[in-house]
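The values are calculated or read from the model by the stated rules, or taken from the named source; none is laboratory data. Quick caveat: nothing in here was measured; it's all calculated off a predicted structure. Positions of Cβ are backbone-derived with ideal geometry, glycine not excepted, and every protein chain shown enters the neighbour counts. Surface areas here come from the heavy atoms of the whole protein model, side chains and all, with no ligands, DNA or RNA. Shrake-Rupley method; radii C 1.70, N 1.55, O 1.52, S 1.80 Å.
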Amino acid sequence: MIKVPTKSLTNVEEITDFVRGCTFFGTGGGGRPEDGIRLLTNILKKTGFIRWIDVQEIPDEGYAVCPFLMGSIAPLTNQTIEQMKQIGLSEEMKVSVNLLSKSVEALQKFTGVTANVIVPIELGGANTPTALAAAMELHLYAVDGDYTGRAIPEVTQVTPHIYGREPYPMVSWDQWGNICYIEKAVNSSMAERIGKYLSAAAFGIAGQAGYLMPIRDMKNMIISGTLTECFEIGNLIRVERDQGRNPEDAVLRKTNGKIIFTGTVSKKEWMDKDGYYWGYHEITGTRKFEGQKFKIWFKNENHIGWLNEKPYITSPDMIIVVKSSDFEPLYNPDIQVGMEVKVLGIPARKVFLTEKGLELLGPKHFGFDIEYMPFEKMVETS
């Protein structure tokens, strides 16, 4: 029996704090925070609370499942909207359900295995709240943790993959109600590709579920305590602002982070490609960075940063962009030319500093001929 939840959210302010923290660790991706707030607020109206449980409080018996949102976070273009019309799709046809709840239900039906615990795949403004909401809707345990400790673009860039676990069988339930099953794939990368193209075929986001495993195995793979960490960071930013202080110093102390650039967004390039949101943000320096340039490459999330055209920070370290005015973390599609921003560097989760972790999330995985170096050392040598 579970003694007590690690944390219960009981009002909209706490939900907003939590989603703000998820957005912070989302490193520019992880889904739109407004969607996460709206979904959890609707659940709160029905249940009176949102809760998660420490992993050690969860019984070992049973199974854990990992639901996640899959697809590009790019805005819809006029060309895409026209394509949707040509095959008879309209905004009014979208299903008004939690896609992750439906994907979990479908996976249980497909496999005949009943899940007891939901584990978020990542931290992000929509992906984490949606997984949490699915747990509440399905009356399952929501564990205080996730499989990445940040947001990632590919379903294989997770701790289960580091430990040799495959994501399939998987289920996809898209925003129109199309349901697809992936019983097996030749490898995890192919499962990711199939899942991503299912979401691309649906012109956006699909809810998918996989990594169905015994709870005992999940406990060895999870990055524990990250949901509580998200709430604490989001709450800290709000409280510091409410008390008339700049949240910067308090957040940097708590995360062991550094401000690595300050400036104005001077250029933005993006494309919707293969089910991902690809592009660059360029920032022209202000204050002590006057006369300098910083460039960030993103694939949904931020992964490579250059200072004056030299590599400066890369994944698995976290590149987080916040508003200069109030330290609010920014979701990449919302970043626009003219914004005054600060760029933070946050150290990587230790599990991703292993050989396998760097293979999955280091700069060479994304096609860049850059050797990973912890950004703290890069800052020192620069």
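Cβ neighbours within 10 Å, averaged per peptide: list 31-37, 338-344 in order, most packed at the top. All intermediate terms of the calculation are to be shown ahead of the outcome.
On the way: 31-37: 21.3, 338-344: 18.6.
Taking the mean over residues of other Cβ atoms within 10 Å, the ranking is 31-37, 338-344.
Does the range 265-382 come out rounded, prolate or oblate, given a ≥ b ≥ c as the square roots of the eigenvalues of its C-alpha gyration tensor, rounded meaning a/c under 1.5 and, failing that, prolate meaning a/b above b/c? Can you show the working numbers first?
Details: a/c = 1.71, a/b = 1.27, b/c = 1.35.
The shape class here is oblate.
Only helical runs count toward this figure. For the chain, summing -39,500 (n - 2.57) over DSSP H runs of n ≥ 4 and dividing by all residues gives -10000 deg cm²/dmol at 222 nm. For the range 1-105, the number of Lys pairs with C-alpha atoms closer than 27 Å, counting only pairs eight or more positions apart or on separate chains, is 12. Remark: C-alpha extents of the range 33-111 on the principal axes read 50, 32, 21 Å, sorted largest to smallest. Each of I43, Y168, F298 was scored by the projection of its Cα onto the charge dipole of the chain, and the greatest displacement toward the positive side belongs to F298; charges sit on the C-beta of Lys, Arg, Asp and Glu.
Only residues of the range 78-97 count here: report those whose backbone N is under 18 Å from the spot 7 Å along Cα→Cβ of M271, or say none. Residues 78-81 qualify, since their backbone N sits under 18 Å from the label point. Listed by chain and number, the lysines whose C-alpha is less than 16 Å from the C-alpha of K196, apart from same-chain residues fewer than 8 away, are K184, K273, K299.
Each Lys or Arg adds one and each Asp or Glu takes one away; over the other residues whose Cβ falls under 12 Å from the Cβ of H161, this sums to -2. In terms of its Cα atoms, the range 159-263 spans 53, 36, 25 Å along the principal axes, sorted from long to short. Extension gain for T111 to R241 (0.36 nm times residue separation, less C-alpha to C-alpha distance): 42.0 nm.
Tell me the relative contact order for the range 90-247 as a rounded percent, counting alpha carbon contacts under 8 Å between residues six or more apart.
Numbers: 228 pairs, mean separation 40.2, N = 158.
Worked out over the range 90-247, it gives 25 percent.
Charges were assigned to the Cβ only: +1 to each Lys and Arg, -1 to each Asp and Glu. The resulting dipole of the chain about its Cα centre is roughly 160 debye. Protection proxy ranking, highest mean first, for peptides 83-94, 50-61, 116-127, 101-112: 116-127, 101-112, 50-61, 83-94, where packing is the per-residue count of other beta-carbon atoms within 10 Å, averaged. Cross-link partners of K364 among aspartates and glutamates, defined as those whose alpha carbon lies under 20 angstrom from its own and excluding same-chain residues fewer than eight positions apart: E154, E192, D274, E301, E309, D317, E355, E376. In a simple Cβ point-charge model (Lys, Arg +1; Asp, Glu -1; nothing else charged), the range 284-382 has a dipole of about 60 debye relative to its Cα centre.
For the pair H139 and E290, how long in nm is the line joining their label points, each one 7 Å along Cα→Cβ? In this crude label model, H139 to E290 measures out at 6.5 nm. Looking at the range 1-135, the accessible area is 43 square angstrom per residue; that uses a 1.4 Å probe and ignores ligands, DNA and RNA. For the chain, the share of DSSP beta bridges that are antiparallel, to the nearest 5, is 90%. A simple packing score, the average count of other Cβ atoms within 10 Å per residue, orders the peptides 147-159, 307-319, 193-205, 276-288 as 147-159, 307-319, 193-205, 276-288, with the highest score first.
Let me know the charge dipole size of the range 1-53 about its Cα centre in debye, to the nearest 20, where only the beta-carbon of Lys, Arg (+1) and Asp, Glu (-1) is charged.
Details: 8 positive and 5 negative charges, 47 e Å.
The dipole magnitude comes to about 220 debye.
Between the C-alpha center of the range 125-195 and that of the range 245-284 there is a gap of 26 Å.
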